[in-house]
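Student: Can you read through this structure? Questions will come right after.
The values are calculated or read from the model by the stated rules, or taken from the named source; none is laboratory data. Quick caveat, the model's predicted, so the values are computed rather than measured. Cβ atoms come from the backbone with ideal geometry, glycine included; neighbour counts cover every protein chain shown.
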Amino acid sequence: MDICGENTKGSTRCEKIYLLLRASNTNSATNRMHNEILGKELFRVLRDKHGADFDSFVSQKVVAVAGDVTSENLGVKDFKLTEEMCNETEIILNSAATTNFDERYDIALDVNTFGILHVVSFAKKCVKLEMLLHVSTAYVCGERVGLIPEDLPSLTDDIVKGTTKFDFKAQEKIVVEKKLTELKAQGATEEVITSTMKDFGIERAKHYGWPNTYVFTKAMGEVFLGRSKDELPVVIIRPTVVTSTYKEPFPGWIQGFRTIDSVIAGYCKGKLTCLLADPTTVFDMIPVDMVVNSIISAMAVNANQSSIVIYHVGSSFRNPIKINSIHDFVFRHFTKDPWVDKDGNLVKVGKCTMFSTMATFRMYMQICFMIPLEGLKFVNKACGHYFQDSYVTYSRKLKLVMRFVELYKPYMLFKGIRSQSQV
């Protein structure tokens, strides 16, 4: 969304943007563009600048295209439009991804891993193409420690451990199909299938050495990009944890709650009093407008390069900040300017208790929550399930918290610093 805003500021170099949106037809794609992108606060500055001419200005710059990276030809069914895109496109920016840490494995594979093959196939048809720029994530490195170089993940070294004949795509398609067939044969509901496939994604990620489905499938997407690009000029941008805008188009904009935002939101509302986090861990984050500026700069300097160029876009190498410092900043902010709840009450925050190992965190949860929950379970059974609703509610919340902690653990205990030799 932010990159679209930057490229519609009026630069004569950017003549047209073909914006691929998942939609059934052109009308649906256009509606999505206006409702989910152009209608957002991010475009406030541009709207103020152009006033009543805003829609006309955008229509000259941006073409909404109905499609899907999980389909051949990017799902574009209009032959004339496809031909036009192939003849005119100079730069392809691929940021299509599902970013849920525990997305269904079949969906994450189709979008984050195999979708890149469709993007590459389309890119090879573009006669004027100067660059395919792929937005990945800095966490494709998995749980490596020390200085992390700007290189591609290695399918052989990191995954198959010396096996030379290994078809990852065929292997994973087989295991996914087998799992789905088993679930359907058992008469599983859609809810059960979704839950099971989420767990299966994490299981497969850990099997191959990655902490969650998202970073694993994004890493494999990079592997397939490197293997299939041939002579295509490719740039990979790897942002770290993306935060709100620093300056452009105005400070503080963010779309929804993501990673650290959800943690801060829980803390300021008084719902987060303890955290699995090493206070000495350098937490790598970067404002979204700096990511966009990096993308635009990479476009400007890397046209028609034959080799893959990879950029880490983060702060850990040049401007590191530790978790304990972030906590102090957040504590001071919400002490001075507390959150106001729905009833108009000021929410008072205290210092968050941090546990630097999973073992100590589990011990804390065991004493404070799991043992009392077992007590409630016993009382509930003894009282003829009188407290059943309370037991189910607390049990569900505890499971959600533990799953949340497991998903965020690799980032809160991360011990790597990302090299920025290319930046």
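Student: When both residues are 6+ apart or on different chains and their Cβ atoms are under 9 Å apart, which pairs have a first residue that lies in the range 309-322 and is of a type in the set (D, E, K, R), and a second that is not in a loop (DSSP other than H, G, I, E, B)?
Tutor: Listed by first residue and then by second, the contacts come to LYS322/VAL282.
Student: Taking the condition of being without any contact (Cβ under 8 Å) to a residue 24 or more places away in the chain and farther than 25 Å from VAL119 by Cβ, how many residues in the range 208-262 meet it?
Tutor: Residues flagged as without any contact (Cβ under 8 Å) to a residue 24 or more places away in the chain and farther than 25 Å from VAL119 by Cβ within the range 208-262 amount to 5.
Student: Could you figure out which of (1) within 19 Å of HIS134 (Cβ to Cβ); (2) assigned to a loop (DSSP other than H, G, I, E, B); (3) touching a strand residue (DSSP E or B) at 6+ places or on another chain (Cβ under 7 Å) isn't true of TYR246?
Tutor: The single condition TYR246 does not satisfy is (1).
To keep it simple, each residue is scored yes or no on (1) in a loop (DSSP other than H, G, I, E, B); (2) acidic (Asp, Glu); (3) more than 29 Å from the chain's Cα centre (by Cα); (4) on the phi > 0 side of the Ramachandran plot.
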position	(1), (2), (3), (4)
SER315	yes, no, no, no
ASN319	yes, no, no, no
ASN324	no, no, no, no
PHE329	no, no, no, no
GLY350	yes, no, yes, no
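Student: For the range 75-91, check the following and say yes or no: at least one residue is crowded, with 17+ Cβ neighbours inside 10 Å, at positive phi and not acidic (Asp, Glu).
Tutor: yes
Student: Look at the range 184-202 and say how many of its residues are touching a Ser or Thr at 6+ places or on another chain (Cβ under 9 Å) and either among the polar types (S, T, N, Q) or without any contact (Cβ under 8 Å) to a residue 60 or more places away in the chain (or both).
Tutor: 1
Student: Could you list all residues from the range 35-48 that are surrounded by 13 or more Cβ atoms within 10 Å (Cβ to Cβ) and in a helix (DSSP H, G or I)?
Tutor: ILE37, LEU38, LEU42, PHE43, ARG44, VAL45, LEU46, ARG47 - these are the residues of the range 35-48 that are surrounded by 13 or more Cβ atoms within 10 Å (Cβ to Cβ) and in a helix (DSSP H, G or I).
Student: Among the residues of the range 233-243, is any closer than 27 Å to MET299 by Cα, among the basic types (Lys, Arg) and not in a strand (DSSP E or B)?
Tutor: No; the residues of the range 233-243 include none that is closer than 27 Å to MET299 by Cα, among the basic types (Lys, Arg) and not in a strand (DSSP E or B).
Student: I would also like to ask the following. Take PHE216 and tell me if it is touching a helix residue (DSSP H, G or I) at 6+ places or on another chain (Cβ under 8 Å), of a type in the set (Phe, Trp, Tyr) and at pLDDT below 95.
Tutor: Against the criterion (touching a helix residue (DSSP H, G or I) at 6+ places or on another chain (Cβ under 8 Å), of a type in the set (Phe, Trp, Tyr) and at pLDDT below 95), PHE216 does not qualify.
Student: Mind listing whichever residues of the range 92-105 are farther than 22 Å from ALA298 by Cβ and either surrounded by 19 or more Cβ atoms within 10 Å (Cβ to Cβ) or touching a Gly at 6+ places or on another chain (Cβ under 7 Å) (or both)?
Tutor: PHE101, ASP102, GLU103, ARG104, TYR105
Student: Within the range 1-34, can you find the residues that are of a type outside the set (Lys, Arg), assigned to a helix (DSSP H, G or I) and modelled with pLDDT of 90 or more?
Tutor: THR26, ASN27, SER28, ALA29, THR30, ASN31, MET33, HIS34
Student: Now, a different point. Regarding the range 386-401, can at least one residue be identified that is closer than 15 Å to VAL263 by Cα and either among the polar types (S, T, N, Q) or within 25 Å of the chain's Cα centre (by Cα) (or both)?
Tutor: Within the range 386-401, one or more residues are closer than 15 Å to VAL263 by Cα and either among the polar types (S, T, N, Q) or within 25 Å of the chain's Cα centre (by Cα) (or both).
Student: Going residue by residue through the range 101-119, is there one that turns out to be touching a helix residue (DSSP H, G or I) at 6+ places or on another chain (Cβ under 7 Å) and assigned to a strand (DSSP E or B)?
Tutor: No, that holds for no residue.
Student: Scan the range 58-69 residue by residue and report those that are of a type outside the set (Lys, Arg), surrounded by 14 or more Cβ atoms within 10 Å (Cβ to Cβ) and touching a Lys or Arg at 6+ places or on another chain (Cβ under 9 Å).
Tutor: If the condition is that a residue be of a type outside the set (Lys, Arg), surrounded by 14 or more Cβ atoms within 10 Å (Cβ to Cβ) and touching a Lys or Arg at 6+ places or on another chain (Cβ under 9 Å), then VAL62, VAL63, ALA64, ALA66, GLY67, ASP68, VAL69 are the ones that fit.
Student: Among the residues of the range 159-171, is there at least one that is at pLDDT 95 or above, farther than 24 Å from ASN94 by Cβ and out of contact with any Lys or Arg (no Cβ under 9 Å at 6 or more places or on another chain)?
Tutor: Within the range 159-171, none of the residues are at pLDDT 95 or above, farther than 24 Å from ASN94 by Cβ and out of contact with any Lys or Arg (no Cβ under 9 Å at 6 or more places or on another chain).
Student: If a residue must be of a type in the set (Ser, Thr, Tyr), without any contact (Cβ under 8 Å) to a residue 60 or more places away in the chain and either in contact with a Phe, Trp or Tyr (Cβ under 6 Å, 6 or more places away or on another chain) or assigned to a loop (DSSP other than H, G, I, E, B) (or both), how many such residues does the range 378-423 contain?
Tutor: Residues flagged as of a type in the set (Ser, Thr, Tyr), without any contact (Cβ under 8 Å) to a residue 60 or more places away in the chain and either in contact with a Phe, Trp or Tyr (Cβ under 6 Å, 6 or more places away or on another chain) or assigned to a loop (DSSP other than H, G, I, E, B) (or both) within the range 378-423 amount to 1.
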